[in-house]
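Notes for the one structure printed next.
The values are calculated or read from the model by the stated rules, or taken from the named source; none is laboratory data. Everything numeric here is computed off the predicted structure, so don't read it as measured data. For neighbour counting, all protein chains shown are included, and Cβ atoms are generated from backbone atoms with ideal geometry for every residue, glycine included. Heads up: the accessible areas ignore ligands, DNA and RNA and are worked out on the full protein's heavy atoms, side chains in. Shrake-Rupley method; radii C 1.70, N 1.55, O 1.52, S 1.80 Å.
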Amino acid sequence: MPQVLLDTGGAEVPATDVTDAADPAGSGNATCDGVSIAMAGALTGANAALGQNILNGAKLAVDKHNENNPNCQVQIVQFDTEGDPQKATQVAPNIVSDQSVIALLGPAFSGETKATGAIFNQAGLPFLTASATNPTLTQNGWTTFFRGLGNDNSQGSVVAKYLTDTLDATKVCVIQDDSDYGVGLANVVTESLGAAADPACSASVKTGQKDFAATVSQIKAEEPDAIWYSGYYAEAAPFVTQLREGGVTALFASGDGVNDPEFVKQAGEAAKDAILTCPCIPAPEALADEYEASSGQAPGVYSVEGYDLATIMLTAIDSGVKDRAGMLEFVENYDGQGVGKRYQWNPEGELSNALVQIYEVN
């Protein structure tokens, strides 16, 4: 359940009703032919729920557009990477070789984005991620990459401040997985926590790991106030379960890679009272109702960003954009309100404003 929305300085941002968000339905008078957008991310595999959230948001936007614009039927082409950098490099050439694809929603994860970004950039394909938050991604010199949410520098610093100032944690164990996302976010959180980060119980785990007995023992011996986990829900769920079974009662907190109903489903009672953060925005009621009617499930983490970024692409197409170069120019100069936030990018592809939502598992 959403608790509080914070800016990059950790100050509370009052919730507002957005009434001027871009509408993917457009005017109804758009004309286009033979253009499509693509989505790439984990659609199957251990963390597929995160990719499906994005895809379902984008599908909703495309369906609304196509229903209202009979003379402009935009296709959304799906590419499953399973969130794996190696598999993503095999998929990327298929995306860029399809000349009908003039924009890409994705890749979803930081590791796969790092592995494929140069391919998309060289092809002149604008790629807008709804979820890849590693800060270094915008430091590669890519001119066609845009991040649709705040990066881990903003999330990590806000998280650290929230843990120490609001939740009064004085000893925090920082645990990270071996993904680019997990390592990058853990570094920022650790640095921002300062003396509150206890090096005696910092630890690394591996993607796919299921037995956390050694790490649980290490944490239990230190008796921390809180545990920060940097990684994805596939490992976080068994980890928090084993923490509780091992008698560790410290607050469990984690970021956007864990902030999904699948974490709660898999961890069960062990997930109760967990603090989860995300530089993404929860869906307002009206959009949530449309999303559930469309996909058969409630919106999750990144659903709003998937919807908003697809809407931007559709707005570009409706304006007459027919190719990748036109899409790139449109996105570079875009400044508009989305359902979740305002979208405008700096020359590096970072949003000009970033917000962090705090959630608590009830």
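Computed values, structure above
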item: Built amide H within the under 5 Å cut-off of D256, gap 5+; result: T277
item: About the Cα centre, charge dipole magnitude for the chain (Lys/Arg +1, Asp/Glu -1 at Cβ), debye; result: 540
item: Among A213, A130, A196, residue whose mean-square fluctuation peaks in a GNM of the chain (springs only between Cα atoms under 10 Å); result: A213
item: Placed amide H near V77: partners under 5 Å, 5+ positions off or other chain; result: I37, A38, M39
item: Solvent-accessible heavy-atom area per residue, rounded to whole Å², over the chain at 1.4 Å; result: 39
item: Beta bridge orientation in the chain: antiparallel %, DSSP, nearest 5; result: 35
item: Amide H contacts under 5 Å for E360, placed H, 5+ residues apart; result: Q3, L276
item: Computed magnitude of the charge dipole of the stretch 155-251 (debye, nearest 20; Cβ of K, R +1, Cβ of D, E -1); result: 120
item: Members of K59/K341; K210/K272; K161/K210; K64/K341 lying beyond 28 Å, as alpha-carbon distances in this model show; result: K161/K210
item: Within the chain, helix-based [θ] at 222 nm, where runs of 4 or more DSSP H residues each add -39,500 (n - 2.57), nearest 500; result: -12000 deg cm²/dmol
item: Surface share of carbon and sulfur [accessible, 1.4 angstrom probe, percent] for the chain; result: 47
item: Cα coordinate range in the chain, projected on the principal axes (Å, largest first); result: 65, 41, 36
